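Peer 1: Below you'll find the structure I mean.
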Amino acid sequence: MPDIHVLPPHVARLIAAGEVVSRPLDVVRELVENALDAGATRLEVDVEGGGLRLVRVRDNGSGIPAGSAGLAARRHATSKLAPDAASVDAVTTLGFRGEALWAAAQAGEVHLVTRPAAQVGACEVRACGDEVLVSRTSAPAGTTVTVRGLFAGLPARLRTQAPAAAEVREVTALLGRYVLHHPGLHWRLGVDGEVRLSHAPSDHRGAVASVYGPLSANRVLTVVGGGVRGVVSRPELTRARRDRMHFSVNGRPVLAPPELERAVIDGFAELLPAGAAPLCVLDLTVAPEDHNPNVHPAKQVVALADLPGVAARVRSAVAAALAAHPLARAAPALIPPADAGTAWSGTATNASFPALTLLSVYQELYLLAQGEGELWIVDAHAAHERALFEHLTRTLEAEPPAELPEPELLHLTPEQTARLHERGPQLQAWGLTLEDFGAGLARLRTVPATLAALSVPRLHEQIVEAALGDHPDPRRDVLARLACAPALKAGMLDHARGAAVLRALAACEHPWACPHGRPTVLRLSERELAHSFGRRGVRDIPRGRDAAPR
């Protein structure tokens, strides 16, 4: 590693972008980037107490020479930029501001032990605030940085920190992203003495297996071309959200601009259903002068000089990867409608919802109904979904949970495992007993009885995925997902089922929208029809809801 030097003020001002350390996650990110810049092939990260008690990053990188070790904790002291303004426009490293160790020392106690492979003896640096002590010691080649007692001397900042379990979840997700974009390295994450994430050197597919499990890894295709490398999932592996679309620019994991996400989806063309998103891990390479990594305090956002050009390269590379493989998919099995005697029973509980009379079924999905002198159009799927959701909500805890004949082992991502530790008692309170089984597995022992009776493909996987997702209310997310799956689809609707849907919707407490926020009904007044046809006279008088005071 080159010698460390303090940047002159005119260069430091160009890269000052806000506070570096405001939470333990920031310390982990900065130390991991330093290790990667040092050429490490093995990185071991340990956190205790959510990172507030301890954060430690150990690497086998190039180390810091003895002559520079004392500068490591000085502000804007770095070996990654030359001391001239031109170097800021051609950044080739992940860390470059020279603030990481200084900021960590302002927030806690820093202990650094480092030794280049060719150096006899190691250097030990202790820094707290602006006080720095340097001594000699013995240690293997590489660097170990330990930060203890984060914000212990800043009580106001300490009180605003997230709970330990929440911070561990974020740290786990962050390390997972580095694994995905640097799959050729050895990674290990330990949380309070327990290994949460472990990855042996492999390719992008192996990294997907480490983070998202072997089932996902078996459904990805290799992408290579035009400065784009990585993997993208086959069309059958999709999600309703874009939370598994990962990008890096010159090795730095970034929050991708929507244009890049859109480029991947456009690369699928008609292979991807509307509203669905694939899993992808794409590493983008651009010239150093064509990107600016200094537009975000945590360097999670980069500015690209030719974003349309980069998006075009991504779209072309994804399309080429898909075109090279047979992608025929099996037709999904139709889901029968729920039993009308249970999910569609009840009387109206919302006085504001009108009494509707079914007139007709349109396109085997929409109901045309009359009520209050107006024409109502009902989305049968959304309406049925709302009725099922409220039925599941009412009956979720009505019976004891159903115990599985044999506990089922399910693969969890490291992030899901972190959420399990955070939410386990909450899930068990409404009948979902899920236990950490180690090695990235969880043991499912019980599910709520009302959910166990549902005829839904991959029922247990869907329950666990929603329960351990990023939704702030996992109970609601589970019920909303399971209400959607068996709800009536296009082609499954007839007059009898349509009438039952109207009765079920009238019995709902909140009949106006499905659990995901889409409207269940639209209203067209006779007055609006009269206006559209150019009628004037008694047909133009407000009636029904239009006549009511607003």
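The values are calculated or read from the model by the stated rules, or taken from the named source; none is laboratory data. Note that the structure is predicted; figures quoted are calculated from it, not measured. For neighbour counting, all protein chains shown are included, and Cβ atoms are generated from backbone atoms with ideal geometry for every residue, glycine included. Quick note on the areas: whole protein, heavy atoms, side chains included, nothing else; ligands and nucleic acids left out. Shrake-Rupley method; radii C 1.70, N 1.55, O 1.52, S 1.80 Å.
Peer 1: In the stretch 483-499, how many are surrounded by fewer than 23 Cβ atoms within 10 Å (Cβ to Cβ) and either among the hydrophobic types (A, V, I, L, M, F, W, C) or under 21 Å from the mean Cα position of the chain (by Cα) (or both)?
Peer 2: 7
Peer 1: A further question follows. Of all residues in the stretch 211-248 being polar (S, T, N, Q) and open to solvent by 30 Å² or more (accessible area, probe 1.4 Å), which is modelled with the highest pLDDT?
Peer 2: Out of the qualifying residues, it is THR222.
Peer 1: Moving on. Looking at GLU167, is it among the acidic types (Asp, Glu) and surrounded by fewer than 20 Cβ atoms within 10 Å (Cβ to Cβ)? It would help to see each step written out before you state the result.
Peer 2: Numbers: among the acidic types (Asp, Glu): yes; surrounded by fewer than 20 Cβ atoms within 10 Å (Cβ to Cβ): no.
Against the criterion (among the acidic types (Asp, Glu) and surrounded by fewer than 20 Cβ atoms within 10 Å (Cβ to Cβ)), GLU167 does not qualify.
Peer 1: State yes or no: is LEU488 in contact (Cβ under 8 Å) with a residue 24 or more places away in the chain and touching a Lys or Arg at 6+ places or on another chain (Cβ under 9 Å)?
Peer 2: Values: in contact (Cβ under 8 Å) with a residue 24 or more places away in the chain: yes; touching a Lys or Arg at 6+ places or on another chain (Cβ under 9 Å): yes.
Here the answer is yes, as LEU488 does meet what is asked.
Peer 1: Something else now. Please go through (1) at positive phi; (2) open to solvent by less than 80 Å² (accessible area, probe 1.4 Å) for LEU410 and return the number of the only condition it doesn't satisfy.
Peer 2: Among (1) at positive phi; (2) open to solvent by less than 80 Å² (accessible area, probe 1.4 Å), the lone unmet condition for LEU410 is (1).
Peer 1: A further question follows. Listed residues LEU271, LEU255; which is open to solvent by 40 Å² or more (accessible area, probe 1.4 Å) and closer than 27 Å to ASN34 by Cβ? Talk me through it step by step, then tell me what you get.
Peer 2: On the way: LEU271 fails: closer than 27 Å to ASN34 by Cβ.
So the residue among LEU271, LEU255 that is open to solvent by 40 Å² or more (accessible area, probe 1.4 Å) and closer than 27 Å to ASN34 by Cβ is LEU255.
Peer 1: Please find, among GLU194, GLU261, the residue that is open to solvent by 30 Å² or more (accessible area, probe 1.4 Å), among the acidic types (Asp, Glu) and under 15 Å from the mean Cα position of the chain (by Cα).
Peer 2: Every option except GLU261 fails the conditions.
Peer 1: Scan the stretch 502-529 residue by residue and report those that are of a type outside the set (D, E, K, R) and either in a loop (DSSP other than H, G, I, E, B) or free of Cβ contacts under 8 Å to residues at least 40 places away in the same chain (or both).
Peer 2: Here is the first cut: in the stretch 502-529, the ones of a type outside the set (D, E, K, R) are 502, 504-508, 510-517, 519-522, 524-525, 529.
Scanning the stretch 502-529 gives ALA507, CYS508, HIS510, PRO511, TRP512, CYS514, PRO515, HIS516, GLY517, THR520, SER525.
Peer 1: For the stretch 163-193, which positions are of a type outside the set (D, E, K, R) and not in a helix (DSSP H, G or I)?
Peer 2: PRO163, HIS182, PRO183, GLY184, LEU185, HIS186, TRP187, LEU189, GLY190, VAL191, GLY193
Peer 1: Here is a follow-up. Can you tell me how many residues in the stretch 310-340 are open to solvent by 60 Å² or more (accessible area, probe 1.4 Å) and at pLDDT below 50?
Peer 2: 9
Peer 1: Which is hydrophobic (A, V, I, L, M, F, W, C), open to solvent by 20 Å² or more (accessible area, probe 1.4 Å) and over 31 Å from the mean Cα position of the chain (by Cα), of VAL113, VAL125? Can you show your working first?
Peer 2: On the way: VAL125 fails: open to solvent by 20 Å² or more (accessible area, probe 1.4 Å).
Among VAL113, VAL125, only VAL113 is hydrophobic (A, V, I, L, M, F, W, C), open to solvent by 20 Å² or more (accessible area, probe 1.4 Å) and over 31 Å from the mean Cα position of the chain (by Cα).
Peer 1: Restricting attention to the stretch 396-427, which residues are over 20 Å from GLY176 (Cβ atoms) and touching a strand residue (DSSP E or B) at 6+ places or on another chain (Cβ under 8 Å)?
Peer 2: Correct list: PRO401, ALA402, GLU403, LEU404, PRO407, GLU408, LEU409, GLY424, LEU427.
Peer 1: If you scan the stretch 228-267, which residues turn out to be part of a strand (DSSP E or B), touching a residue at least 40 places away in the same chain (Cβ under 8 Å) and either within 9 Å of LEU279 (Cβ to Cβ) or among the charged types (D, E, K, R) (or both)? Can you show your working first?
Peer 2: Applying the first criterion (part of a strand (DSSP E or B)) to the stretch 228-267 yields 228-233, 238-239, 245-249, 252-254.
Narrowing further to those that are touching a residue at least 40 places away in the same chain (Cβ under 8 Å): 228-233, 238-239, 246, 248-249, 252-254.
Result: ARG229, VAL231, VAL232, SER233, THR238, ARG239, HIS246, ARG252.
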